[in-house]
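Heads up: the structure comes next, in structure tokens.
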Amino acid sequence: FIPIVSANGPASGTATSNGNRLLAYALSGGGGGHGAPEGGNPGAIGGAGLMAVFSGPISAPFSQPYSIGAGGTGGAGQFMSVAGNGNPGGATNVANFLAINGGTGANTFTPMNTEAAGTISTGAPISPYSSANIKHFLDPSLGNGGLGGNKGISGGRGNNGQEGQPGALFLFDNTGS
């Protein structure tokens with residue numbers, strides 16, 4: 001197998017191959033963290049992106065668009081009001097081959113709460129893993145959910161939630177010798 005796509009999100013393009021089999025390591029974007037109210041507790045952590053390994057037959061010539069999810073934006077910190085929710089991470093997909101939804105954005109300011117990880121929406125994965133279990137395999141920051149905003153500084157606004165980390169796509173075909 002040789003690499004045909006190797007990229008971090010957000011990104012898009014077209015995957016092309018003259019092989020008859022693809023192997024993909026795909027990771028969706030992490031959800032954004034919840035903002036913190038001024039003087040309040042930190043916000044919740046966004047959901048992690050999901051990592052899965054896919055392998056399957058293709059028909060040459062193969063040419064399909066792909067997209068790699070961005071991290072969800074963090075919720076806004078607020079002064080004397082409820083802070084904002086984080087936004088979900090972006091999906092990572094290769095048309096007619098695989099699709100993984102991003103992690104959910106944090107919708108609570110309860111600091112110990114972590115939102116749901118991404119899910120597989122199409123494709124037949126070899127085995128799905130949460131990003132927490134594959135940190136030894138990829139860059140540890142890829143696909144992580146954003147942290148919630150920290151306590152507001154005295155006399156100032158609450159801090160915004162962190163943006164989730166982007167997804168990634170590593171796609172290989174069997175045209176190597």
Study note, to complete from the structure: Within the range 16-25, the residues that are among the hydroxyl-bearing types (Ser, Thr, Tyr) and either surrounded by fewer than 22 Cβ atoms within 10 Å (Cβ to Cβ) or under 13 Å from GLY105 (Cβ atoms) (or both) are THR16, TYR25
Review point. Taking the condition open to solvent by less than 50 Å² (accessible area, probe 1.4 Å), out of contact with any strand residue (DSSP E or B) (no Cβ under 9 Å at 6 or more places or on another chain) and not hydroxyl-bearing (Ser, Thr, Tyr), does GLY47 pass?
Key: no
**Study point:** Cross-chain or 6+ apart pairs with Cβ under 6 Å, the range 19-36 first and under 17 Å from PRO3 (Cβ atoms), then surrounded by fewer than 24 Cβ atoms within 10 Å (Cβ to Cβ) and aromatic (Phe, Trp, Tyr)
**Key:** LEU23/PHE1; LEU23/PHE172; ALA24/PHE54; TYR25/PHE170
Check your understanding: Mind checking which residues of the range 16-38 are touching a Pro at 6+ places or on another chain (Cβ under 8 Å) and modelled with pLDDT under 85?
Key -> ALA36
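Can you find a residue that is on the phi < 0 side of the Ramachandran plot, open to solvent by less than 30 Å² (accessible area, probe 1.4 Å) and among the polar types (S, T, N, Q) anywhere in the range 26-33? Please lay out each step first, then the result.
From the range 26-33, those on the phi < 0 side of the Ramachandran plot are 26-33; that's our starting set.
Narrowing the set further to residues that are open to solvent by less than 30 Å² (accessible area, probe 1.4 Å) leaves 26-33.
Keeping just the survivors that are among the polar types (S, T, N, Q) gives 28.
Yes, there is a match, as at least one residue in the range 26-33 is on the phi < 0 side of the Ramachandran plot, open to solvent by less than 30 Å² (accessible area, probe 1.4 Å) and among the polar types (S, T, N, Q).
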Practice item. For VAL53, work out the one condition from (1) part of a loop (DSSP other than H, G, I, E, B); (2) modelled with pLDDT under 85; (3) closer than 26 Å to ASN20 by Cα it doesn't fulfil. Key: (1)
Review point. Which residues, counting only those in the range 50-63, are in contact with a Lys or Arg (Cβ under 8 Å, 6 or more places away or on another chain) and open to solvent by 10 Å² or more (accessible area, probe 1.4 Å)?
Key: SER55, PRO57, ILE58
Practice item. Please state which of the following conditions ASN41 fails to meet, knowing it meets all the rest: (1) touching a Lys or Arg at 6+ places or on another chain (Cβ under 8 Å); (2) at pLDDT 80 or above. Key: (2)
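The values are calculated or read from the model by the stated rules, or taken from the named source; none is laboratory data. This one's a predicted model, so the numbers in the text were calculated from it and none came from an experiment. Every residue, glycine as well, gets a Cβ built from its backbone with ideal geometry; the counts of neighbours run over all protein chains shown. Note: accessible area is taken over every heavy atom of the protein model, side chains too, but ligands, DNA and RNA are not part of it. Shrake-Rupley method; radii C 1.70, N 1.55, O 1.52, S 1.80 Å.
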